[in-house]
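Coordinate-derived values only; no laboratory data. Remember, it's a predicted structure, so these values are computed and weren't measured experimentally. Ideal geometry is used to build each Cβ from the backbone, glycine not excepted, and the neighbour counts take in all protein chains shown.
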Amino acid sequence: MSFFQQPSFDTVTEALQWLNTQGFTENFNLDSNCIRYNNNKQSMSPEEFKIEYLFRFEGDTDPGDEDIVYGIISEIYKIKGVLTSAFGIYADSISTEMIKKLSTH
């Protein structure tokens, strides 16, 4: 068994640029019980994707700077993309299933 050292980044932009070079090119949007893509025309439920990477950024002075960047893969739909989501007091209202899925790391 090998242990992969996940890279670390200082900014959300750096993480997004690196994920793009790894083939995570789709932009996902969080909905209450799924993630949407293709300009919100298509969706994936929590069981249809897995989180490959997770980068958490905490704002030193401004809570509005807190963000999570997810690198998401769906083998079912053969798609790789990114989802950015604020957390804490700015977190979106989402279903229990989505909270469980996004909190697995």
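Summing charges over all other residues whose Cβ lies under 15 Å from the Cβ of residue 80, with Lys and Arg as +1 and Asp and Glu as -1, gives -2.
Other residues whose C-beta falls under 12 angstrom from the C-beta of residue 27 contribute a net charge of +1, scoring Lys and Arg +1 and Asp and Glu -1. Applying the Karplus relation 6.51 cos²θ - 1.76 cosθ + 1.60 with θ = phi - 60° to the stretch 72-79 yields 3J(HN,Hα) values of 10, 10, 10, 6, 4, 9, 6, 9 Hz, where x marks Gly and Pro. Starting from the Cα of residue 42, step 7 Å along the direction of its Cβ; do the same at residue 78; then give the gap between the two resulting points in nm. For residue 42 paired with residue 78, the spin-label model returns 1.0 nm. Amide H contacts under 5 Å for residue 31: 36, restricted to partners 5 or more places along the chain or on a different chain, H placed in the peptide plane at 1.01 Å from N.
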